[in-house]
Amino acid sequence: MESVAAPDTLLSWACVLFTLCMFSTGLSDLRHMQTTRSVNNIQFLPFLTTDVNNLSWLGYGLLKGDKTLIVVNALGALLQTLYMLTYLHYCPRKRTVLLQTAALLGLLLLGYSYFQLLVPDWSSRLRQLGLFCSIFTISMYLSPLADLVKIIQTKSTQCLSFSLTVATFLASASWTLYGFHLRDFYIMVPNIPGILTSLIRLGLFWQYRQVQEKTYSILQT
């Protein structure tokens, strides 16, 4: 039993560690907002959508009784809420931010009411919630692909974060293995696009590294 439990524990800790590393990349934005007392060049929507994603997976984890999902997404939701509150504090246009927050949280509340009132069967609730979480996660992983066109046109990866790309790759790979181990396709499938998009980004970092090094050397001279 111990030989079986050891890989399970290791895989769970890998999911927790790499996912929290991915979430903590927002700490640099947090420091920037506190230092400059502004939200220049920082987008609010990624914080909000990630928070909704965390809360959705937290509900799935609670329904399934999965401690790894519960721990990761509870801590992730707390971090994203901290980022959102800091953004709201320094944002000059609070109305837009509050409307976006109210809209997505209202959607989340409607979903919660739907599952509680109209889907009394546990297995059906778990299946439908898992499907919703999967689709939402896939859309989050695929949404930044529009930026790749700009990167290819400018031959610059300055708008990409290398640390976030690596953390996303490791977290997605861990969750894919975790879902495969549990035979839970709602966990496994939506993290495969995370691996693929991270590999594409890493390829762009490698492809355009010489261009950036050349530009840097010209600036130095």
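Hey, does segment 160-176 have a residue that's closer than 19 Å to residue 62 by Cα and not basic (Lys, Arg)? Give the steps one after another, and end with the answer.
So the first thing to find is which residues in segment 160-176 are closer than 19 Å to residue 62 by Cα, and the list is 175.
Narrowing the set further to residues that are not basic (Lys, Arg) leaves 175.
Scanning segment 160-176, I find at least one residue that is closer than 19 Å to residue 62 by Cα and not basic (Lys, Arg), so the answer is yes.
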Identify the single condition in (1) within 22 Å of residue 44 (Cα to Cα); (2) assigned to a helix (DSSP H, G or I) that residue 127 does not satisfy, given that it satisfies every other one.
(1)
When only residues in segment 113-154 that are under 21 Å from the mean Cα position of the chain (by Cα) and among the hydroxyl-bearing types (Ser, Thr, Tyr) count, which is nearest to residue 62 (Cα to Cα)?
134
Within segment 79-98, track down each residue that is of a type outside the set (A, V, I, L, M), open to solvent by 20 Å² or more (accessible area, probe 1.4 Å), assigned to a helix (DSSP H, G or I) and out of contact with any Phe, Trp or Tyr (no Cβ under 8 Å at 6 or more places or on another chain).
81, 89, 90, 94, 95, 96
Reported set for segment 20-78 where residues are open to solvent by 70 Å² or more (accessible area, probe 1.4 Å) and of a type in the set (S, T, N, Q) is 34, 35, 40, 41, 43
I need every pair where a residue in segment 178-189 that is within 15 Å of residue 138 (Cβ to Cβ) has its Cβ under 7 Å from the Cβ of a residue that is of a type in the set (A, V, I, L, M, F, W, C), sequence separation at least 6 or different chains.
179/185; 179/187; 179/188; 186/131; 186/133; 187/175; 188/180
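Working only within segment 99-122, note down all residues that are surrounded by fewer than 12 Cβ atoms within 10 Å (Cβ to Cβ) and of a type in the set (Gly, Ala, Ser). Lay out the reasoning, then the answer.
Within segment 99-122, the first condition is being surrounded by fewer than 12 Cβ atoms within 10 Å (Cβ to Cβ), and the residues that meet it are 99, 102-103, 106-107, 109-110, 113, 116-118, 120-122.
Hits for segment 99-122 are 102, 103, 106, 113.
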Over segment 141-164, the set of residues among the small types (Gly, Ala, Ser), modelled with pLDDT under 75 and assigned to a loop (DSSP other than H, G, I, E, B) is 156
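Residue under question is residue 157, and the condition is that it be open to solvent by less than 70 Å² (accessible area, probe 1.4 Å) and farther than 23 Å from residue 126 by Cα; does it hold? Step through it out loud before you land on a result.
Details: open to solvent by less than 70 Å² (accessible area, probe 1.4 Å): yes; farther than 23 Å from residue 126 by Cα: yes.
The answer is yes for residue 157.
The values are calculated or read from the model by the stated rules, or taken from the named source; none is laboratory data. Just so it is clear, the structure is predicted and the values come from calculations on it, not from any experiment. Quick reminder, even Gly has a Cβ in these numbers, built from the backbone with ideal geometry, and neighbours come from all protein chains shown. For accessibility, only protein heavy atoms count, side chains too; no ligands or nucleic acids. Shrake-Rupley method; radii C 1.70, N 1.55, O 1.52, S 1.80 Å.
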